[in-house]
Amino acid sequence: MPLTDDVIVVEGLTKRYKTVTALDGFSMRVRKGEIYGLLGPNGAGKTTALHVLMGVLTPTAGRVTVFGHSPFDDRETLAPRVNFSSAYVQMPFNLSARQNLDIFARLYGLPDRTNKIESLLAAFKLTAMAKSKTGSLSSGEQTRLNLCKALLNDPDLLFLDEPTASLDPDIADLVRRTLHDFQKRKGLTIVYTSHNMAEVETLCDRVLFLHRGKAITEGTPKEVADRFKKDSLEKVFIHLARTGDVMDAETSR
Amino acid sequence: MISFNRILTIVRRYILIHFKSPARLLDLFFWPVMELFVWGFFTVYLKNSNLDSTGRLVVTLINALVFWDILYRSQQALSLAFMEELWTRNVLNLLISPLRTREWVLGAYLYGMIKTGIIVLILLVLASVLYAFHISSLGFSFIPLAFNLLLFGYAMGLFTTGLLLRWGHAAEALIWGVPFLIQPFSAIFYPVSVYPAWLKPIVLALPSTHVMEAMRHVIDTGQFPWPSFWIALGLNVLFTLFFSWFCLRMLERGRSNGQLVRMSG
């Protein structure tokens, strides 16, 4: 077990494909109970980093530990404590929302499946759609269903890949508040990717900007904005996206 | 430790997916029944033309048809189960859950066994009603022979799943194509003696060939040829080990080159 309260420790993480370097020796630490944002333009390496942390993509070099365990070798220890949601991952279309959640509740070995499923459906305002086939749900409803799945096992660590993409502002706000509530009540640690900088400022305790697989800057949203003399993360994002190549050469964390 | 609860959850899940989809239900009945009609009426023609005065050919053909379906459906069980996850973009959800690869494979095997069992039952009942065919023509021998075909179908399922892991959706057609690659060389509707000498080593390397030869032997003599059974079983063990290695190798490759996550989202 780790001696610090670091839930995730990443050192010199590199992922190379044949002609592309998706992650270029970046390091980061995520503390227990914080919401940590992985930010950057398309192709920066956010999702690749998330996949490596989840243990579904093996790195070319570097060291990764989650709760002191390797996500590649100790999956059995980590799987019950971790979950994941993405706007781009779905569940079988011809099963109802409730049936899909029931299947995952069984896979996670939950003792009181029914109550857990009903409370999550209610939290994400999906109770009325519980019997609907998953394929008939709107993309926003499917995103919320994925979030229900992600919280089924009361995870200690949650990976969220653009969880509010395709949600209207009202529902996106509901999702943010619900996630925040879970995080506060259960001390949940969240690693979060999003292109919505206003949302990141509201939710994240700390953020890490990636550009071409390299860590450019890290800190609280305010610290990062101040560091670049900008008044919002959105402006920092645009600045880094446009000048990131220069930053690559000049900046180290 | 393997969790039987998770294995049964996978079985439950595939059964739910199957029985809630009219297209998949049709797939369960349509093709085997149509095949039975074709071969059944062909055997009626043989009978009426006095081309099969002993009735042996009829029994052999219908048994061959049922056995072919066992092989074909069990091969599809695993690869179609994996395809199901690709179609619904659900692979990542399973990969990060506590479900282990071997639990998923065993769940898919069990689901395949149930599916194959239902199809065989339907074929036997229909063959009995329409063509006065009786399973008693093979008696107890049916079980060990069918068991060997089930094993070979599963081994081929591992192979096609490995191909899916390697090439993703591009390899989709192989799920249906691979069984037909071995069909002409498995002595299903004709004996091994019809093959040219140069082809026989390949033919005899397939467990399915030994099962089909054993089936004809039982119909001809009423005796169960244990050597054929053991040879088929031994070959099945070899095929299973080799294709398991291949499938796991492709899984690791997919984890390393990102193919697995690309297929998932």
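The values are calculated or read from the model by the stated rules, or taken from the named source; none is laboratory data. Just so it is clear, the model here is predicted, and its values are computed rather than measured. Please note: Cβ atoms are built from the backbone with ideal geometry, for glycine as well, and neighbour counts cover all protein chains shown. Side chains included, ligands, DNA and RNA excluded: accessible areas come from the protein's heavy atoms. Shrake-Rupley method; radii C 1.70, N 1.55, O 1.52, S 1.80 Å.
Computed quantities for the displayed model
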read-out: Residue in the stretch A:79-95 that is more than 23 Å from the chain's Cα centre (by Cα), open to solvent by 10 Å² or more (accessible area, probe 1.4 Å) and at the interface with chain B (Cβ under 7 Å from one of its Cβ atoms) present; value: yes
read-out: Matching residues in the stretch A:96-132 - criterion: being more than 7 Å from every other protein chain (Cβ to nearest Cβ) and without any contact (Cβ under 8 Å) to a residue 24 or more places away in the chain; value: A:102, A:111, A:112, A:113, A:114, A:115, A:118, A:119, A:122, A:127, A:128
read-out: Residue list for the stretch A:2-47, filter: within 14 Å of chain B (Cβ to nearest Cβ) and among the aliphatic types (A, V, I, L, M); value: A:20, A:22, A:23
read-out: Residue count for the stretch A:100-139, restricted to those that are farther than 22 Å from residue A:164 by Cα, in a helix (DSSP H, G or I) and small (Gly, Ala, Ser); value: 1
read-out: Residue in the stretch A:3-27 that is most open to solvent (accessible area, probe 1.4 Å), counting only those that are hydroxyl-bearing (Ser, Thr, Tyr) and without any contact (Cβ under 8 Å) to a residue 40 or more places away in the chain; value: A:19
read-out: When residues of the stretch A:148-177 are limited to those that are in a loop (DSSP other than H, G, I, E, B) and in contact with a Leu (Cβ under 8 Å, 6 or more places away or on another chain), the one nearest to residue A:120 (Cα to Cα); value: A:152
read-out: When residues of the stretch A:118-171 are limited to those that are among the charged types (D, E, K, R) and in contact with a Phe, Trp or Tyr (Cβ under 8 Å, 6 or more places away or on another chain), the one most open to solvent (accessible area, probe 1.4 Å); value: A:133
read-out: Failed criterion for residue A:189 (all others in (1) farther than 27 Å from residue B:102 by Cα; (2) open to solvent by 60 Å² or more (accessible area, probe 1.4 Å) hold); value: (2)
read-out: Tally of residues being within 29 Å of residue B:129 (Cα to Cα) and either within 18 Å of the chain's Cα centre (by Cα) or buried (at least 20 other Cβ atoms within 10 Å of the Cβ) (or both) across the stretch B:6-25; value: 4
read-out: Set B:145, B:92, B:80: member being under 17 Å from the mean Cα position of the chain (by Cα), of a type in the set (A, V, I, L, M, F, W, C) and within 14 Å of chain A (Cβ to nearest Cβ); value: B:80
read-out: Condition broken by residue B:235, with the remaining ones in (1) among the hydrophobic types (A, V, I, L, M, F, W, C); (2) modelled with pLDDT under 95; (3) more than 15 Å from the chain's Cα centre (by Cα); (4) open to solvent by 20 Å² or more (accessible area, probe 1.4 Å) satisfied; value: (2)
read-out: Wholly enclosed helices (runs of 4 or more DSSP H) of the stretch B:167-265 bearing at least 2 residues under 18 Å from residue B:141 (Cβ atoms); value: B:207-221, B:226-257
read-out: All positions within the stretch B:96-140 that are away from chain A (no Cβ under 14 Å), in a loop (DSSP other than H, G, I, E, B) and more than 18 Å from residue B:68 (Cα to Cα); value: B:132
read-out: First in the stretch B:44-63 and in contact (Cβ under 8 Å) with a residue 60 or more places away in the chain, second anywhere and of a type in the set (Lys, Arg) and open to solvent by 80 Å² or more (accessible area, probe 1.4 Å), Cβ under 7 Å, 6 or more apart; value: B:58/B:47
read-out: Hits in the stretch B:256-265 - residues which are facing chain A (nearest Cβ under 9 Å) and either without any contact (Cβ under 8 Å) to a residue 40 or more places away in the chain or open to solvent by 80 Å² or more (accessible area, probe 1.4 Å) (or both); value: B:256, B:257, B:258
read-out: Filtered residue count, the stretch B:240-255, keeping only those that are out of contact with any Leu (no Cβ under 8 Å at 6 or more places or on another chain) and either within 11 Å of another protein chain (Cβ to nearest Cβ) or crowded, with 19+ Cβ neighbours inside 10 Å (or both); value: 1
read-out: Top-ranked residue of the stretch A:56-67 - restricted to ones that are more than 10 Å from every other protein chain (Cβ to nearest Cβ) and surrounded by 15 or more Cβ atoms within 10 Å (Cβ to Cβ), ranked as farthest from the chain's Cα centre (by Cα); value: A:62
read-out: Some residue of the stretch B:76-97 being of a type outside the set (Gly, Ala, Ser), without any contact (Cβ under 8 Å) to a residue 12 or more places away in the chain and over 25 Å from residue B:176 (Cα atoms); value: yes
read-out: Any hit, the stretch A:48-55, residues being more than 9 Å from chain B (Cβ to nearest Cβ), touching a Ser or Thr at 6+ places or on another chain (Cβ under 8 Å) and open to solvent by 20 Å² or more (accessible area, probe 1.4 Å); value: no
